[in-house]
Amino acid sequence: MFAIVLLACTSSTGGAEPKSVPFDHGHAQWDALLKQNVRKGFVDYARLKKDQSPQLNNYLGALASVGKSQYQGWSRAQQMAFWFNAYNAFTIKLVLDNHPLKSIRSVGLLPGSAFRKNFINLPALGSSAGSLNDIEHEVLRKRFADPRLHFAVNCASIGCP
């Protein structure tokens, strides 16, 4: 179980692609899901899996619907919030897909396999599949180089910041 950080930006999308659905920079779906399923800093995975998986899938779909040109029109803060929230939401998805489990570290055969698993499809990432490690190391560390990222992404472990 772990705590989640929700990062939201409220400014407009700027250079959004024509015919694209405006992205909710307030991350309202994600915020509502967390308010319903996080108590005292811990995610209630059993409840989330039973009742709110469709809501999580809708939010992940909203993330996946963002195109490169739409993403590039956003401010730096909006881009960072997108990736922070994507990392945390996909982490919960990974846990739910393997629930029940004692630890996220038990996903896969080798240590750290869960974080290298290619299951994330985000066009803004630049490929059809990606991993949590890709988001953390290839996007957040390389593009944004902000040391606070360790307090915004959570690996679904009590030992995470």
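The values are calculated or read from the model by the stated rules, or taken from the named source; none is laboratory data. The model shown is predicted, which means the values in this text are computed figures rather than measured ones. Ideal geometry is used to build each Cβ from the backbone, glycine not excepted, and the neighbour counts take in all protein chains shown. Ligands, DNA and RNA are excluded from the accessible area calculation, which covers all protein heavy atoms including side chains. Shrake-Rupley method; radii C 1.70, N 1.55, O 1.52, S 1.80 Å.
Ordering Ser65, Ser75 by accessible area with a probe of 1.4 Å, largest first, what comes out?
Ser65, Ser75
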Seminar exercise, completed: Rounded to two decimals, the Rg over Rh value of region 27-139 from Cα coordinates and the Kirkwood Rh reads 0.96
For this session: Determine how large the accessible area of Lys117 is when every protein chain is in place; take a 1.4 Å probe and give Å² rounded to the nearest 10.
Result: 90 Å²
For this session: Taking amide H positions as placed in the peptide plane 1.01 Å from N, state which residues far from Val43 in sequence (5 or more) or on other chains have amide H under 5 Å from it.
Result: Phe2
Problem set entry | FRET efficiency, His99 to Asn58 (Cβ-Cβ, R0 25 Å, nearest 0.05) | 0.85
Seminar exercise, completed: SASA check, Ser53, accessible area w/ 1.4 Å probe, all protein chains in place, rounded to nearest 10 Å², comes out at 30 Å²
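Run the numbers for Arg143 and Lys40: contour at 0.36 nm per residue of separation, minus the present Cα-Cα distance, in nm. Present the calculation step by step, with values, prior to reporting the outcome.
On the way: separation 103, 0.36 × 103 = 37.08 nm, distance 3.23 nm.
So the extension gain works out to 33.8 nm.
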Exercise. How much length is gained if the chain between Gln72 and Arg47 is pulled fully straight, taking 0.36 nm per residue apart and subtracting their Cα-Cα distance, in nm to one decimal?
Worked result: 5.4 nm
Seminar exercise, completed: So Asp24 and Phe151, fully extended at 0.36 nm per residue minus their Cα-Cα distance, gain in nm 43.5 nm
Problem set entry | Candidate aspartates and glutamates - alpha carbon under 15 Å from Lys68, same-chain residues fewer than 8 apart omitted | Glu17
